[in-house]
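Everything below concerns the one structure shown next.
The values are calculated or read from the model by the stated rules, or taken from the named source; none is laboratory data. None of these values were measured; they are calculated from a predicted model. Because the Cβ atoms are built from the backbone with ideal geometry, glycine has one as well, and the counts that use them run over all protein chains shown. Areas reflect the complete protein model, heavy atoms only, side chains present, ligands, DNA and RNA absent. Shrake-Rupley method; radii C 1.70, N 1.55, O 1.52, S 1.80 Å.
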Amino acid sequence: MIQVEGIGKRYQLGQSIRHDTLRDAIMHCARIKKAGAKAAESRDEEHFWALRDVSFGVGEGEVVGIIGRNGAGKSTLLKVLSRITPPTEGRIRLRGRVASLLEVGTGFHPELSGRENIYMNGAILGMTRQEIRSRFDEIVSFAEVEKFLDTPVKRYSSGMYVRLAFAVAAHLEPEILLVDEVLAVGDSVFQKKCLGKIAEVATGGRTVLFVSHNMAAVQNLTSRSILLADGQLIADEETGRVVASYLASGNQRAAAEDLSTRDARFRIESICFNEAAQEPGFDKPMRFDLSLSLEHRAETISIGLGIYNSLGVRLLTSRSVVDGLESGNSKISIRIPEHHLPPGDYSLALGIFRGIETIYFAENVLNFSLSDVGVSDPLLQPYLVKQRDQIGAFIPGIWEKI
């Protein structure tokens, strides 16, 4: 259904030079020729390759995830596939109608109503008016915009935009569906609804390319994924392996980052996971030791911890208010009670705040693991299941100076 061969996309950095007259164009060429090799080198430096030599194929009915860090080229790839922008080099072959959901309101005319935009988008996809009418009620029901159907979409909120845009793209039965991270705009209930619809589309035999930073969603929806980095294809294989490779590369990158803060008078010397027992586990409290260096006394600061599982889903948030830190070196221990995280591998995000001012914030500052010690206790089994369902739960931290 999709065949990509050596695709590359190059953008020019900075402002492009526009010539209003033939005389201006000739004078510009003369200046470049006079400047010689240095001018040619500077022109090359002004170009940025968002994609370079990317090749892959997607069969009928396949659901393929596309993952990578911000700036890796994921959105550019989907824009090239949906013909929003042409490739600089390479060739693309698409078999079937393509529907894309890349940005909020893509393809919508702001002056038209929701009803009119549904028919217009269907026509763009090559649907007949009768085909659109047969799915119209289902689209409106899914988008939950019945009251605003005859209102110009320029008055819609971003959430309403994305609900209607996704409903149109998913229900008009294109052979190929391209979905970017735009689902992050909707609330959690609608996100679950959209993911369920994507799964339904996939089982219906249509081809889906799914871009997301939500590794849990990628794992659940796709059996194969493509990893992009700096515009190049790094891996194309089974989703579990690609996700593991991506998360490992992110941890290595995070480990190389320093702990410099936005305030030079406030330094983080180190942060470590200090287990309360020799083998950290589900039935033991977690303790994080933080070493700070302050130029002046700090009356009050707050320290926030976010704990993420191996798929990048935040399971736990903790915040502690710390009073009266003297100038010089200080060590703080923050303890989170036991029975709040199931066994597994985790990463820690750290934030330090003074009032509304953010002194420091970074993700993946520390990696740690919890064993299954204590999980076998039958009295704890119902509690463990309950905790697994409390995604993003808030737990107040207990701090002490050490």
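Candidates ALA217, ALA254: the one that is modelled with pLDDT under 85, crowded, with 16+ Cβ neighbours inside 10 Å and more than 25 Å from VAL98 (Cβ to Cβ) is ALA254. Selection of segment 89-147 for residues being open to solvent by less than 50 Å² (accessible area, probe 1.4 Å) and charged (D, E, K, R) yields only ARG135.
Of all residues in segment 334-346, those satisfying the criterion of being closer than 16 Å to ARG319 by Cα and touching a Leu at 6+ places or on another chain (Cβ under 7 Å) are ILE334, HIS340. For the subset of segment 14-26 comprising residues that are open to solvent by 90 Å² or more (accessible area, probe 1.4 Å) and aliphatic (A, V, I, L, M), which member is modelled with the highest pLDDT? Among those residues, the one meeting the criterion is ILE26. Within segment 309-365, the set of residues being in contact (Cβ under 8 Å) with a residue 12 or more places away in the chain, part of a loop (DSSP other than H, G, I, E, B) and hydrophobic (A, V, I, L, M, F, W, C) comprises LEU311, VAL313, LEU341.
Annotation: LYS79 fulfils all but one of (1) within 21 Å of GLY57 (Cβ to Cβ); (2) touching a residue at least 60 places away in the same chain (Cβ under 8 Å); the unmet one is (2).
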